[in-house]
Amino acid sequence: MIELEANWNYPTNIRVGSGRSQELAEICASIGMRSPLLITDPGLAALPMVDVAVANCRDAGLQCGLFSDVQGNPTGSNVTNGVAAFREGNHDGVIAFGGGSALDAAKAVALMAGQSRPLWDFEDDGDNWTRADEAGIAPVIAIPTTAGTGSEVGRASVIVDEKRRVKKIIFHPKMLPAVVILDPQLTTGLPPHLTAATGMDALSHNLEAYCAPFFHPMAEAISMEGARRVKQFLPRAVADGSDLEARTQMLVAASMGATAFQKGLGGMHALAHPLGALYDAHHGLLNAILMPYILEANRPVIEDQIGRLSRFLDIQETGYDGFLAWVLEIREQIGIPHALSAIDIDDTDAVKVGEMAARDPSAGGNPILFSAEQYSQIFASAVRGQLK
Ligand SMILES: [Zn+2]
């Protein structure tokens, strides 16, 4: 087996390898961070790994603070409170530590650290991001503890606007973390159902980026290889959480997915965003359940492309049908339910969900620009588990 340790500079500085989170304090010093605020969620804050990270920094003479008031779907007030903690503690950088929620909240806090405008002014729309005072954006070191969102290599955060009950994408190029540590030891404790759900989020990123109808051959190539790694290593990571090779490869596949989706996302995310905001359901689990329904709806225009991917993934029965069968098989193998009804979502709000999905920024990357009615229908089929 080749050595699973390396330093990469694309799309940012990435240190990958088992145990490398021990390099945290040295990394802070190397980018001039003397007083970092470590942002995580309350569940992780109670675990030894956060104590270890904070102690690692303090032992090296850094003034490390801790902020952990971040919800599963992080909200605008989580960010506001984090910014207050950042300013109060005179911090000069952010350590984003955790799953997608903690990373997104932390990146948004870093963006807002020195801004005078409200958070929603930086919603990913046109050139809104140019309103930000770049000098007021704090540097971020990102340490993911799940292999899914890939937020550690992303330039955006998804934050819930509680007042309007909608998920908004906050974007700025400088939100891309300065350094990323991919340490598989931090993910070994993740239970199988979360390993499965987050891993399928990584697959959905690679798959939607691959299918997005834009010219970005580099992203396309990355998405294919990212999907291949999910196919090879996600079942292993779910079956044996302590499999460090599988955990490393899934962290890499997740970072590849988020690198690739600069090309675009699609219908899975267009539906998963409103459903996450309305039902507070797990993002990765939503994408995992929605995946085959969106594939089926897109089938007329993605058949050739998916056929090519099926050959690259070495799926026995090549072509669209073989690929769809593999998606259904891996979902079942890792314990993903087939219908949204299994996670207590019914179709009462189908009209509203359809409207929100059609308006979601991810909808623009879907190979077919579905109408609100079409999204409502796809959603209703996913609630009932009716694939064909
Ligand atoms: Zn996602």
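Does any residue in the stretch 282-297 that is within 13 Å of Leu203 (Cα to Cα) and in a helix (DSSP H, G or I) come within less than 7 Å, Cβ to Cβ, of a residue that is more than 11 Å from the ligand (Cβ to nearest atom) and not hydrophobic (A, V, I, L, M, F, W, C) six or more places away or on a different chain, and which pairs are these?
Ala288/Arg331; Ile289/Pro337
Quick check, is Gly241 under 22 Å from Gly189 (Cα atoms) and more than 16 Å from the ligand (Cβ to nearest atom)?
Considered against the rule, which asks whether it is under 22 Å from Gly189 (Cα atoms) and more than 16 Å from the ligand (Cβ to nearest atom), Gly241 comes out as yes.
Just to verify a result, which residue in the stretch 129-163, among those that are closer than 16 Å to His273 by Cα and among the β-branched types (Val, Ile, Thr), is nearest to the ligand (Cβ to nearest atom)?
This residue is Thr149.
Taking the criterion of being outside the structural domain of His338 (by TED's automatic domain parsing) and among the aromatic types (Phe, Trp, Tyr), would at least one residue in the stretch 233-247 satisfy it?
no
Condition (residue is more than 30 Å from Val16 (Cα to Cα) and away from the ligand (no atom under 15 Å from the Cβ)) applied to the stretch 262-275: is it met by at least one residue?
no
Any chance the stretch 294-304 includes a residue that's within 16 Å of the ligand (Cβ to nearest atom) and more than 20 Å from Ala221 (Cα to Cα)?
Looking through the stretch 294-304, at least one residue is within 16 Å of the ligand (Cβ to nearest atom) and more than 20 Å from Ala221 (Cα to Cα).
Quick one: which residue in Ser21, Ser116, Ser77 is among the hydroxyl-bearing types (Ser, Thr, Tyr), farther than 19 Å from Leu182 by Cβ, modelled with pLDDT of 95 or more and outside any loop (DSSP other than H, G, I, E, B)?
It is Ser77.
Assuming Gly335 fulfils every condition listed in (1) in a loop (DSSP other than H, G, I, E, B); (2) within 14 Å of the ligand (Cβ to nearest atom) apart from one, which condition is it?
So Gly335 meets the others, but not (2).
Kindly indicate which of Ala147, Ala105, Ala55 is within 20 Å of Leu186 (Cα to Cα), touching a residue at least 60 places away in the same chain (Cβ under 8 Å), small (Gly, Ala, Ser) and not in a loop (DSSP other than H, G, I, E, B).
So the residue among Ala147, Ala105, Ala55 that is within 20 Å of Leu186 (Cα to Cα), touching a residue at least 60 places away in the same chain (Cβ under 8 Å), small (Gly, Ala, Ser) and not in a loop (DSSP other than H, G, I, E, B) is Ala105.
The values are calculated or read from the model by the stated rules, or taken from the named source; none is laboratory data. Just so you know, these numbers come straight off a predicted model, no measurement behind them. Methodologically, a virtual Cβ is constructed for each residue, glycine included, from the backbone with ideal geometry; neighbour enumeration extends over all protein chains shown.
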